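Asks: Attaching a single structure in structure tokens format; questions to follow.
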Amino acid sequence: MAVEEDDKTTAVYRISLTKVNTAAELLVPGEQSEMLDEITDFHYLAFIRNPITKQATYIDAQAMVPTATLISIESAITGNNFPQYELQIMLMSETESEDNSESSNEQELIYSGFVVIIDSDSKKDSTVTGRYNTGADASIPTRLLLSNPIAYEMSKRTGFNVIFSPDVENQTNPTLIALETIMNDDFNPEFEDTEIFSFMDYVRTYAADESDIKQIVLADKSTVNLSHYGQITVPPTISEISVPEYIINTYKPFSTPSFWFFDTFNFANYDDDSEPENGKIPIWCILICFYNAFNTFECVDISEDEDINNYTHLLSTAAFNDRFGILPPNAVVNFINTVSQTCKTIALGEIPSVQMTDNSSIKLEHRDKSCVVKFKDDIKEAQTRIMDCASMFTEHIHQIEYYETTNTTPEWLQFGKLYNMEKDQETGINKNEYLHTPICIINVFKRRQTKDNTMECINKYAMIRLITPPEESE
């Protein structure tokens with residue numbers, strides 16, 4: 001269905017980066033606090049949220065940076081003292097007076113957070129004096145890489161070196177399961193009132209207010225690995241931000257692939273208990289498992305929003321395969337149990353058959369391939385992981401689809417939700433089939449063709465297209 005240009009509605013934004021003077025800078029005797037020009041002239045700014053390959057979100061931006069500001073940024077980066085800035089995003093809206101005689105622009109703060117600039121790439125030979133020759137100070141086109149200060153600090157630091165132990169003396173938690181060492185919330189199906197110190201308890205020590213950092217598990221509760229451990233050890237050689245990844249890869253908290261994710265730039269809350277306050281958006285620590293999403297994820301109807309429904313386009317599709325080897329090792333392969341190194345051989349599933357030219361089939365005498373699985377828990381849990389992972393590839397996920405939504409807002413698309421993206425090819429009418437859930441989201445703020453530094457939002461994202469459940473396909 002074609003959309004008339006007059007019907008096009010676009011949310012308009014302004015973005016600014018302002019230098020934050022740290023306590024050390026403010027306490028230097030005899031020196032004034034550093035006053036640098038804001039960065040407001042952006043070409044684009046992209047929030048990259050990819051839980052499968054990254055432990056935290058980051059920002060890729062390109063902007064016209066005032067010369068003095070750029071010199072300060074580059075000097076700080078060279079000295080390994082990465083500068084901290086405040087990032088603000090304002091939603092612009094036009095209001096008219098009661099008699100419609102005049103209109104004015106109102107600004108609503110929709111995002112405010114602190115970032116560190118960890119890299120810059122400037123084109124000093126492209127210096128211009130004001131983008132529009134207004135007599136402004138010289139600015140230089142620069143590409144910036146921004147990160148959340150907490151996430152960046154955790155990515156640099158090692159030495160977490162924690163041995164998680166059960167509370168045997170008080171019998172509160174006589175044993176451990178892997179999930180509660182990452183997040184000890186009421187999702188835990190066995191110890192709802194667990195008091196074991198978790199990785200999330202440690203993350204909260206970075207925040208001034210505990211409510212600034214929240215946690216959520218987006219997974220099927222029945223797939224939790226309930227193997228009991230006397231202790232779970234995290235070596236001191238890995239970075240702090242990689243601790244959940246290490247526990248997931250080693251101890252398998254779920255029977256299918258799962259991913260821990262530090263969503264530092266989300267634009268909405270993942271819980272239903274509170275609305276995000278403008279300028280006070282919390283950091284979310286998320287544990288995602290896409291298995292059995294039909295019974296776990298919340299459904300979101302995009303047909304109720306005309307802008308999302310009309311300006312969403314399918315860009316391409318790709319077969320669901322794991323050519324980089326991320327999923328099967330994460331779901332199946334474990335380290336050898338140091339106590340018992342006995343090798344057990346178990347056949348899973350039927351011996352395959354070969355289809356002949358006359359359409360008959362002959363069952364093979366033996367298996368062509370075998371898989372040696374080393375596991376840290378027990379054979380029953382390892383077997384469950386193999387079967388669940390195989391069924392996820394063949395019975396749950398159809399393919400990966402890449403979408404783009406223009407003229408939109410950044411908060412509507414979130415992880416752990418199902419969306420009805422399917423449209424009838426002939427009529428373009430939404431089929432209201434909730435088959436899609438995002439695995440990667442990039443919120444791109446792109447400069448409009450205007451002279452007032454305003455931006456528009458484009459969401460680019462990869463979706464898993466699930467296979468329709470049998471009861472719905474009949």
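The values are calculated or read from the model by the stated rules, or taken from the named source; none is laboratory data. In this text the structure is predicted, and so the values were computed from the model without any measurement. Neighbour counts run over all protein chains shown; Cβ positions are idealised from the backbone, glycine included.
Asks: Could you list, in sequence order, the residues of segment 162-185 that are under 26 Å from the mean Cα position of the chain (by Cα) and not acidic (Asp, Glu)?
Replies: So the first thing to find is which residues in segment 162-185 are under 26 Å from the mean Cα position of the chain (by Cα), and the list is 162, 177-185.
The answer is Val162, Ile177, Ala178, Leu179, Thr181, Ile182, Met183, Asn184.
Asks: Please find, within segment 113-139, the residue that is surrounded by the most Cβ atoms within 10 Å (Cβ to Cβ) out of those that are hydroxyl-bearing (Ser, Thr, Tyr) and either over 30 Å from Ile283 (Cβ atoms) or at pLDDT 90 or above (or both).
Replies: Within segment 113-139, the first condition is being hydroxyl-bearing (Ser, Thr, Tyr), and the residues that meet it are 120, 122, 126-127, 129, 132, 134, 139.
Add one more test, that the residue is either over 30 Å from Ile283 (Cβ atoms) or at pLDDT 90 or above (or both), and what stays is 120, 126-127, 129, 132, 134, 139.
Details: Ser120: 18, Ser126: 11, Thr127: 14, Thr129: 12, Tyr132: 9, Thr134: 8, Ser139: 22.
The residue in question is Ser139.
So that you can scan it fast, the table gives a plain yes or no per residue for (1) in the same structural domain as Gln107 (by TED's automatic domain parsing); (2) at pLDDT 90 or above; (3) not β-branched (Val, Ile, Thr):
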residue: Val234; (1), (2), (3): no, yes, no
residue: Pro257; (1), (2), (3): no, no, yes
residue: Tyr270; (1), (2), (3): no, no, yes
residue: Gly279; (1), (2), (3): no, no, yes
residue: Cys285; (1), (2), (3): no, yes, yes
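Asks: Do you know which of the residues in segment 140-166 that are surrounded by 15 or more Cβ atoms within 10 Å (Cβ to Cβ), at pLDDT below 90 and out of contact with any Ser or Thr (no Cβ under 7 Å at 6 or more places or on another chain) is farthest from Lys451 (Cα to Cα)?
Replies: Ser165
Asks: The conditions are (1) closer than 25 Å to Val217 by Cα; (2) at pLDDT below 90; (3) surrounded by fewer than 18 Cβ atoms within 10 Å (Cβ to Cβ), and Glu298 fails exactly one of them. Which is it?
Replies: Every listed condition holds for Glu298 apart from (2).
Asks: Go through segment 372-431 and report how many residues are hydrophobic (A, V, I, L, M, F, W, C), farther than 24 Å from Thr57 by Cα and at pLDDT 80 or above. Break it down into steps so the answer makes sense when it comes.
Replies: Just the residues of segment 372-431 that are hydrophobic (A, V, I, L, M, F, W, C), to begin with: 372-373, 375, 379, 382, 386-387, 389-390, 392-393, 397, 400, 412-413, 415, 418, 421, 429.
Remaining after also requiring farther than 24 Å from Thr57 by Cα: 372-373, 375, 379, 382, 386-387, 389-390, 392-393, 397, 421, 429.
From what is left, the residues that are at pLDDT 80 or above are 397, 421.
Qualifying residue count, segment 372-431: 2.
Asks: Right, next: Any residue that is in a strand (DSSP E or B), among the aromatic types (Phe, Trp, Tyr), more than 18 Å from Pro410 (Cβ to Cβ) and outside the structural domain of Phe261 (by TED's automatic domain parsing) - is there at least one of those in segment 56-76? Walk me through how you get there before you give the answer.
Replies: The first filter runs over segment 56-76 and keeps only residues in a strand (DSSP E or B), leaving 56, 58-66.
Retained after the next criterion (residues that are among the aromatic types (Phe, Trp, Tyr)): 58.
From what is left, the residues that are more than 18 Å from Pro410 (Cβ to Cβ) are none.
No, segment 56-76 contains no residue that is in a strand (DSSP E or B), among the aromatic types (Phe, Trp, Tyr), more than 18 Å from Pro410 (Cβ to Cβ) and outside the structural domain of Phe261 (by TED's automatic domain parsing).
Asks: Please specify each residue of segment 373-426 satisfying the condition of being more than 18 Å from Ala318 (Cβ to Cβ), of a type in the set (Val, Ile, Thr) and assigned to a helix (DSSP H, G or I).
Replies: Of everything in segment 373-426, those that are more than 18 Å from Ala318 (Cβ to Cβ), of a type in the set (Val, Ile, Thr) and assigned to a helix (DSSP H, G or I) turn out to be Ile379, Thr384, Ile386.
Asks: Output the qualifying pairs, or none if there are none: Cβ atoms under 9 angstrom, residues six or more apart or on different chains, first residue in segment 153-164 and on the phi > 0 side of the Ramachandran plot, second residue surrounded by 18 or more Cβ atoms within 10 Å (Cβ to Cβ).
Replies: Pairs found: Gly159/Glu240; Asn161/Val234.
Asks: Sticking with this structure for a sec: Yes or no: Glu192 closer than 30 Å to Phe267 by Cα and modelled with pLDDT under 75? Outline the logic, then answer.
Replies: On the way: closer than 30 Å to Phe267 by Cα: yes; modelled with pLDDT under 75: yes.
Criteria met by Glu192.
Asks: Here's a check for you: in segment 178-197, which residue that is out of contact with any strand residue (DSSP E or B) (no Cβ under 6 Å at 6 or more places or on another chain) and free of Cβ contacts under 8 Å to residues at least 24 places away in the same chain is surrounded by the most Cβ atoms within 10 Å (Cβ to Cβ)?
Replies: Residue satisfying both the conditions and the ranking: Glu180.
Asks: I've got another one for you. Going by what's in this entry, would Ala68 be described as touching a Leu at 6+ places or on another chain (Cβ under 8 Å) and over 20 Å from Gln449 (Cβ atoms)? Please lay out each step first, then the result.
Replies: Details: touching a Leu at 6+ places or on another chain (Cβ under 8 Å): yes; over 20 Å from Gln449 (Cβ atoms): yes.
Judged against the criteria, Ala68 is a match.
Asks: Considering only residues that are among the acidic types (Asp, Glu) and exposed (fewer than 15 other Cβ atoms within 10 Å of the Cβ), which ones fall in segment 385-403?
Replies: Let us first name the residues in segment 385-403 that are among the acidic types (Asp, Glu), namely 388, 395, 401.
If the condition is that a residue be among the acidic types (Asp, Glu) and exposed (fewer than 15 other Cβ atoms within 10 Å of the Cβ), then Glu395 is the only one that fits.
Asks: How do the pairs read when you match residues in segment 198-220 that are over 13 Å from Ile283 (Cα atoms) with residues anywhere that are of a type in the set (Lys, Arg), using Cβ under 9 Å and keeping only pairs 6 or more apart or on different chains?
Replies: Pairs found: Leu218/Lys417.
Asks: In addition: Tally the residues that are of a type in the set (A, V, I, L, M) and in a loop (DSSP other than H, G, I, E, B), restricting the search to segment 229-254.
Replies: If we filter segment 229-254 for residues that are of a type in the set (A, V, I, L, M), which is where we start, we get 232, 234, 238, 241, 243, 247-248.
Imposing the further condition that a residue be in a loop (DSSP other than H, G, I, E, B) reduces the set to 234, 238.
Counting residues in segment 229-254 that are of a type in the set (A, V, I, L, M) and in a loop (DSSP other than H, G, I, E, B) gives 2.
Asks: Restricting attention to segment 421-438, and to residues there that are crowded, with 19+ Cβ neighbours inside 10 Å and touching a residue at least 40 places away in the same chain (Cβ under 8 Å), which single residue is farthest from Ile110 (Cα to Cα)?
Replies: My answer is Tyr434.
Asks: Given the options Val217, Val234, Val224, name the one that is closer than 24 Å to Thr158 by Cα and surrounded by 20 or more Cβ atoms within 10 Å (Cβ to Cβ). Show your work before the answer.
Replies: Numbers: Val217 fails: closer than 24 Å to Thr158 by Cα; Val224 fails: closer than 24 Å to Thr158 by Cα.
Within the list Val217, Val234, Val224, the selection yields Val234.
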